[in-house]
Amino acid sequence: MQIKGRFIMSEQTVLAKTPLHAFHLSEGAKMSGFAGYDMPLTYEQGAIAEHHLCRTSAAIFDVSHMGQIELCDGTGSAKAILAQLETIIPANLIDLKAGRQRYGLFLNENGGILDDLMVANYGTHVRLVVNAACVEQDMAWISGHLTEMSITRLHRALIALQGPAAGAAFAALIPASAKMNFMDASSFNWNGVEIEATRSGYTGEDGFEISCPDAVAEDLVKALSAHDNVGFAGLIARDSLRLEAGLCLYGQDMDSSTSIVAASLGWAVPKIRRTGGARMGGFIGADRTLAECDAGAEFCRIGAVAPKGVPPRAGTEIFTSERGDTASGRVSSGVPGPSVGQPVTMLTLPHDIAVSDTPLFADVSGKRILLSRANMPFFPHRFYR
């Protein structure tokens, strides 16, 4: 078995396949195990070219491994569902309008992050998109805390079209999509088939995440790729794009021991759910979350850049001197940063060190490399608003 970062390649592991698996092979994709699925790491042009394609034009990513969950209570309205979701997600969901999507987090009783997810209000029902490795856990968590509604895992393809040309490429197929803004959610008819799309993504670029029946997934990606300068990209490019955009990866930059504030995701808890807000607390994990929103957390996540060369990878220890023996923190994510021009990293550090001018050194193969703190995102977001 070979291990390359988070991607595990094994001939013996039985991996699930997305509806586009055969298509990826026909396009020359290099495949690898990720979250239990055989997924495209990169195509023939290579990860760097795929990264730049997304930044300059548009790239298509197969994200069908992600969990899609539908909540419906039969009333023809999503209002009661959203109200119940507020008991397990510290977001303002009651005021989430039909046709809109919002970021949220599931927390355990101690305020640790169980998963991060997207919540979309389609008027009559709610759709959630959760992380692939957390689907079964999340289904059980929702079922154990919400009542009087159906909770269904959808088996549909999920395609991410990302980049500055994404709007034109999708509008060529579905003209009405041109009216969508960032975080809008809409349903469309394409060739007699209902598809759902949100104007969102995981790259920092404009784009869409499109849910469609498995049977039409290949036809859809072929139609999208027929647009000028639209191509395919794999997991390696997706990882470098999301890290340049300063976006967390669950299981790597945060986990069930990490609080919202320690993950530097306090912005996801609006004033209305914080201390003194009209709907203060009332969600699982509220005690720690509200206390840390008020007073701060012991640890936090920050960005840093490294000199050109091999980037410090996840798990690399961080020191505050060139010769010290005790590590102060670690790298949670690190990539070359093709659009930034130098390696970019996310670090988990004690708060007092993170906000100080204390030097930070990454121990890479026994050599201490001086890092420079940097604001995130490393590359500016270009969402369509």
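Brief remarks on what is shown
- Selection status of GLY309, on the phi > 0 side of the Ramachandran plot and more than 23 Å from the chain's Cα centre (by Cα): yes
- For ALA185: the one exception among (1) assigned by TED's automatic domain parsing to the domain that holds ALA78; (2) within 20 Å of the chain's Cα centre (by Cα): (1)
For (1) touching a Ser or Thr at 6+ places or on another chain (Cβ under 6 Å); (2) modelled with pLDDT of 95 or more, each residue gets a yes or a no:
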{"site": "GLY329", "(1), (2)": "yes, yes"}
{"site": "VAL335", "(1), (2)": "yes, yes"}
{"site": "SER356", "(1), (2)": "no, yes"}
{"site": "LEU360", "(1), (2)": "no, yes"}
{"site": "SER365", "(1), (2)": "no, no"}
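- Hits in the range 69-96 - residues which are touching a strand residue (DSSP E or B) at 6+ places or on another chain (Cβ under 8 Å) and assigned to a helix (DSSP H, G or I): ILE81, LEU82, LEU85
- Qualifying residue in the range 175-197 (condition: within 22 Å of GLY234 (Cβ to Cβ), among the aromatic types (Phe, Trp, Tyr) and either assigned to a strand (DSSP E or B) or touching a Leu at 6+ places or on another chain (Cβ under 9 Å) (or both)): no
- All positions within the range 14-38 that are outside any loop (DSSP other than H, G, I, E, B) and under 20 Å from GLN137 (Cβ atoms): ALA16, GLY33, PHE34, TYR37
- Just one of the listed residues (SER365, SER328, SER333, SER339) is over 30 Å from GLY144 (Cβ atoms), of a type in the set (S, T, N, Q) and in contact with a His (Cβ under 8 Å, 6 or more places away or on another chain), and it is SER339.
- Annotation: VAL310 fulfils all but one of (1) among the β-branched types (Val, Ile, Thr); (2) modelled with pLDDT of 95 or more; (3) not assigned by TED's automatic domain parsing to the domain that holds ASN108; the unmet one is (2).
- Check on ASN191, out of contact with any strand residue (DSSP E or B) (no Cβ under 6 Å at 6 or more places or on another chain) and on the phi > 0 side of the Ramachandran plot: yes
Here's the yes/no breakdown for (1) in contact with a His (Cβ under 8 Å, 6 or more places away or on another chain); (2) within 23 Å of ILE195 (Cα to Cα):
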position: GLY46; (1), (2): no, no
position: GLU50; (1), (2): no, no
position: SER64; (1), (2): no, yes
position: CYS72; (1), (2): yes, yes
position: GLY76; (1), (2): no, yes
position: LYS79; (1), (2): no, yes
position: ALA91; (1), (2): no, no
position: LYS97; (1), (2): no, yes
position: ILE113; (1), (2): no, no
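- Selection within the range 247-264 - closer than 18 Å to ALA314 by Cβ, of a type in the set (A, V, I, L, M) and in contact with a strand residue (DSSP E or B) (Cβ under 9 Å, 6 or more places away or on another chain): LEU249, MET254, ALA262, ALA263
- For ARG368, the stated conditions hold: it is over 30 Å from SER200 (Cα atoms) and part of a strand (DSSP E or B).
- Elements of type strands (runs of 3 or more DSSP E) contained in the range 102-158, each with 2 or more residues being modelled with pLDDT of 95 or more, surrounded by fewer than 17 Cβ atoms within 10 Å (Cβ to Cβ) and over 20 Å from the mean Cα position of the chain (by Cα): 150-154
- Check on THR198, in contact with a strand residue (DSSP E or B) (Cβ under 6 Å, 6 or more places away or on another chain), closer than 22 Å to GLU86 by Cα and not basic (Lys, Arg): yes
- Of all residues in the range 280-294, none are under 26 Å from GLY163 (Cβ atoms) and either part of a loop (DSSP other than H, G, I, E, B) or modelled with pLDDT of 95 or more (or both).
- Residue in the range 54-64 that is out of contact with any strand residue (DSSP E or B) (no Cβ under 8 Å at 6 or more places or on another chain), of a type in the set (S, T, N, Q) and outside the structural domain of ALA268 (by TED's automatic domain parsing) present: yes
- Residue in the range 202-210 that is touching a His at 6+ places or on another chain (Cβ under 6 Å), farther than 16 Å from ILE60 by Cβ, touching a residue at least 60 places away in the same chain (Cβ under 8 Å) and in a loop (DSSP other than H, G, I, E, B) present: yes
The values are calculated or read from the model by the stated rules, or taken from the named source; none is laboratory data. What you see is a predicted model; the values in this text were computed from it and never measured. Cβ coordinates were reconstructed from backbone atoms using ideal geometry, including for glycine residues, and neighbour counts include every protein chain displayed.
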